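The values are calculated or read from the model by the stated rules, or taken from the named source; none is laboratory data. If you're wondering where the values come from, they're calculated on a predicted model, not measured in any experiment. Counting neighbours? That spans all protein chains shown, and the Cβs are built from the backbone with ideal geometry, glycine included. We work out accessible area using only protein heavy atoms, side chains counted, and drop any ligands, DNA or RNA first. Shrake-Rupley method; radii C 1.70, N 1.55, O 1.52, S 1.80 Å.
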Amino acid sequence: MFAQKNKILIIFILILITFFNLPAAAENIDQQEDQKNEQEITIAYVPRSLDNPIFLDAYEHAQEKAIDLGINLEWVAPFAYDAEEQIDIIESLIARKVDGMVISVNNTPEYINVINKAVEAGIAVATFDADAPDSKRLFHIGINNYKAGRVTAEGLLDVLKNNNIDYRQQGKYLNTMIMTGVRGALNLDSRIEGFLDRVENTNIRVKDIIENQDSVNLSVELLEQYLQQNPDIDIIFFVGGWPFYVPAEALPNFQKWAEDGGIAVGIDIFYDALLLQKRGLLQYLVGQDMATMGSKGLSTLYNYIMYDALPQEYIETGVEVANEQNLERLLQTHRPWRVK
């Protein structure tokens, strides 16, 4: 009888111990699950290409943020821009069921379809640099490209004025070449639109628009060929910094054209471009904040995945300008990239 009572008492005590330990055990399980989820989170950045160094600032700062957050960052893209290859990469990320993607794309049906497919598969998708607003992407982070085009045009008008070149003279055009990546890229087309709107009531006339297929090497070849055939062109507007990654000596026709009075302005500020500006080949540059696109783009998508923190649809990063007044300071600020 005594043994029976002891057995009942022991069982009762064990039940009490289990009951009081349940919250702690549940909390421990939740913590382990959170740690597991954080360890397994993978966010992929998909720039337009690997051969364009402009994306390196985004890569460096996204990588630093990923280390801070304790998540996996993948940086994947075609070596040279190719829409079909980039879409295949996005398809492969969908098949692997990554947690999120931050991608630079065109606003075309092919890209819209693959983005929507990713979202429908439960993958959080954001865009940076170049947007696809007609898709189901969560948010876009980047500059106001239309505004950047206008700011570049305003800088051009200041340069012309400082060089005593009349941009309102009737009967005499200032013939202009525009170099872009590919038509249909919303960010690049918006820059061109802003530029053209600002110079509408001037004698600046666009003679040619050259597409370099978002290729650094091709941009250099096309620029040199164009100036060999059209040495009398007055102005060049570079919609992006594709041909700015080489020394002046690698651009003999461009160098001679600039020394003979040609005026070149463009978008993208980085060390090599500033060196060309110091040599007098470029007169005015507008820069975009790729570093913020990397770090804030990653952290914003992470907060949505982890905590359902809904971001604003458009996160604008600011622009900076490089002109004669601040060139030396910017050369100290924009050092060569650590990542090569």
Of the residues that sit in segment 312-333 and are in contact with a strand residue (DSSP E or B) (Cβ under 8 Å, 6 or more places away or on another chain) and in a loop (DSSP other than H, G, I, E, B), which one is farthest from Leu138 (Cα to Cα)?
Asn323
Please determine, by comparing only the residues of segment 148-190 that are assigned to a helix (DSSP H, G or I) and within 14 Å of Glu211 (Cβ to Cβ), which one is most open to solvent (accessible area, probe 1.4 Å).
Asp189
So which residues in segment 52-72 are among the hydrophobic types (A, V, I, L, M, F, W, C), under 16 Å from the mean Cα position of the chain (by Cα) and open to solvent by 20 Å² or more (accessible area, probe 1.4 Å), if there are any at all?
Leu56
Residues of segment 205-222 being part of a helix (DSSP H, G or I) and either among the aliphatic types (A, V, I, L, M) or surrounded by 17 or more Cβ atoms within 10 Å (Cβ to Cβ) (or both), in sequence order, are Val216, Leu218, Ser219, Val220, Leu222
How many residues of segment 287-298 are open to solvent by less than 40 Å² (accessible area, probe 1.4 Å) and touching a strand residue (DSSP E or B) at 6+ places or on another chain (Cβ under 7 Å)? The answer is 5
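Listed here are the residues, each with its yes/no results for (1) assigned to a loop (DSSP other than H, G, I, E, B); (2) open to solvent by 50 Å² or more (accessible area, probe 1.4 Å).
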position	(1), (2)
Asp232	yes, yes
Glu249	no, yes
Phe254	no, no
Leu274	no, no
Gln277	no, no
Leu285	no, no
Thr300	no, no
Tyr304	no, yes
Conditions (1) open to solvent by less than 50 Å² (accessible area, probe 1.4 Å); (2) within 25 Å of the chain's Cα centre (by Cα); (3) of a type in the set (Val, Ile, Thr): number failed by Thr202:
(2)
Residues that are open to solvent by less than 30 Å² (accessible area, probe 1.4 Å) and either assigned to a helix (DSSP H, G or I) or within 16 Å of Gly262 (Cα to Cα) (or both), drawn from segment 234-247
Ile235, Ile236, Phe237, Phe238, Trp242, Pro243, Phe244
How many residues are touching a residue at least 40 places away in the same chain (Cβ under 8 Å) and under 22 Å from Val286 (Cβ atoms) when one looks only at segment 227-252?
12
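Condition check ((1) of a type in the set (Val, Ile, Thr); (2) in contact with an Asp or Glu (Cβ under 9 Å, 6 or more places away or on another chain); (3) in the same structural domain as Thr152 (by TED's automatic domain parsing)) across all residues:
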position: Lys172; (1), (2), (3): no, yes, yes
position: Val182; (1), (2), (3): yes, yes, yes
position: Leu186; (1), (2), (3): no, yes, yes
position: Val216; (1), (2), (3): yes, yes, yes
position: Gln229; (1), (2), (3): no, no, yes
position: Ile235; (1), (2), (3): yes, no, yes
position: Phe244; (1), (2), (3): no, yes, yes
position: Glu249; (1), (2), (3): no, no, yes
Go through Gln312, Gln228 for me and flag whichever is farther than 30 Å from Gln63 by Cβ and either open to solvent by less than 10 Å² (accessible area, probe 1.4 Å) or over 17 Å from the mean Cα position of the chain (by Cα) (or both).
Gln228
Can you pull out every residue in segment 315-327 that is open to solvent by 70 Å² or more (accessible area, probe 1.4 Å) and modelled with pLDDT of 95 or more?
Glu316
